[in-house]
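First comes the structure, then the notes that go with it.
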Amino acid sequence: MENSFYAITWTDVLVSLFLMVMAIALIRWWKIDLQKTLLVGTLRTFIQLSIMGYVLTWFFNQDNWLFMAGLVSLMILVAAYEGWSRQRSQPIPHYYLILAGAMFITVFFVLGLILQFILKTEPWYYPYAMIPIAGMIIGNGLNSATLTVNRFFGEINHREKEIEMLLSLGAPPRAAIHDALRDSVKAALLPNVNAMMTVGLVQLPGVMTGQILSGIDPLIAVRYQIMIMYMWVTTAAMMNILTLAMVYRRFFTPQWQLKRELLRIK
């Protein structure tokens, strides 16, 4: 059977609204009080993604490396702001700069490696590859870094006495807080590790499914998905370690004392 492309029209998209009608009806039947939120989310999804489709079409037509690099940089800055805003209840000094710095290093390293040595795009800033891959790297990196920092807060509060005892015995901050750093990174990487363990057995990832539906050979779609899975894990590991390497220092004074005021969970 030849590969076929399933082109979805706007009429087909409107028909798919029936799925949301079913979901809202079930929510209302069980009196979960989420129907208004789901309705707003349904409308926003339709409007926002429709607008984004036209915006991306314009982006993809730009043949300028400076524009593409600037666009990716803007995406990073916006993502860093989003991550910083989530952490405002537990403020960390210079957290926005930390997130942005870790993300710049991670995104341009991983993205450059994929574009130059795996996809071998011509030109290297080919928009149809650069924009979606950068978006995946940024989104995954932000989510993982947020999980890591939140877990780190819990770990450092739980281990406060242990850390202070190690400091009193002469251990440097990096050694005193090693277990908290290790457990934070491990916890944040679990979703990626679980995804690697179950992919192809109990789930078919969205990227691979979308490629198969668009008519791409399943073996090619599989190769793309393998690359993406490796990309996600590497992105998460780099973001977690770089972020925590800069964050943990904010919890200590120059005299190697733990800053108690940062430990209060609000």
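Comparison of ILE265, ILE212 shows that the only residue that is part of a helix (DSSP H, G or I) and at pLDDT below 90 is ILE212. All conditions in (1) within 30 Å of THR11 (Cβ to Cβ); (2) in the same structural domain as THR234 (by TED's automatic domain parsing); (3) charged (D, E, K, R) hold for ARG44, with the sole exception of (2). Residues of segment 61-79 that are in contact (Cβ under 8 Å) with a residue 60 or more places away in the chain and surrounded by 15 or more Cβ atoms within 10 Å (Cβ to Cβ): MET68, LEU71, VAL72, MET75, ILE76, ALA79.
Cβ-Cβ contacts under 6 Å between residues 6 or more apart (or on different chains), taken from a first residue in segment 178-202 that is in the same structural domain as ARG250 (by TED's automatic domain parsing) to a second residue that is in a helix (DSSP H, G or I) and charged (D, E, K, R), are listed as ALA180/GLU155; ASP183/GLU155; SER184/ARG151; SER184/GLU155; ALA187/ARG151.
Among the residues of segment 160-175, none is identified as in contact with a helix residue (DSSP H, G or I) (Cβ under 7 Å, 6 or more places away or on another chain) and within 24 Å of ARG88 (Cβ to Cβ). Here GLY170 meets the list (1) part of a helix (DSSP H, G or I); (2) surrounded by fewer than 20 Cβ atoms within 10 Å (Cβ to Cβ) almost entirely, failing just condition (1). Do we have any residue at all in segment 208-228 that's surrounded by 15 or more Cβ atoms within 10 Å (Cβ to Cβ), under 28 Å from PHE152 (Cβ atoms) and in the same structural domain as MET103 (by TED's automatic domain parsing)? Yes - at least one qualifying residue is present in segment 208-228.
Would you say LEU190 is of a type outside the set (Ser, Thr, Tyr), closer than 16 Å to MET239 by Cβ and buried (at least 17 other Cβ atoms within 10 Å of the Cβ)?
Numbers: of a type outside the set (Ser, Thr, Tyr): yes; closer than 16 Å to MET239 by Cβ: yes; buried (at least 17 other Cβ atoms within 10 Å of the Cβ): no.
For LEU190, the condition - of a type outside the set (Ser, Thr, Tyr), closer than 16 Å to MET239 by Cβ and buried (at least 17 other Cβ atoms within 10 Å of the Cβ) - is not met.
Against the definition (β-branched (Val, Ile, Thr) and surrounded by fewer than 18 Cβ atoms within 10 Å (Cβ to Cβ)), how does THR198 come out, yes or no? If you could, list the steps in order and put the result at the bottom.
On the way: β-branched (Val, Ile, Thr): yes; surrounded by fewer than 18 Cβ atoms within 10 Å (Cβ to Cβ): yes.
Here the answer is yes, as THR198 does meet what is asked.
The values are calculated or read from the model by the stated rules, or taken from the named source; none is laboratory data. All values derive from a computational prediction rather than experimental measurement. Cβ: placed from backbone, ideal geometry, glycine included. Neighbour counts: every protein chain shown.
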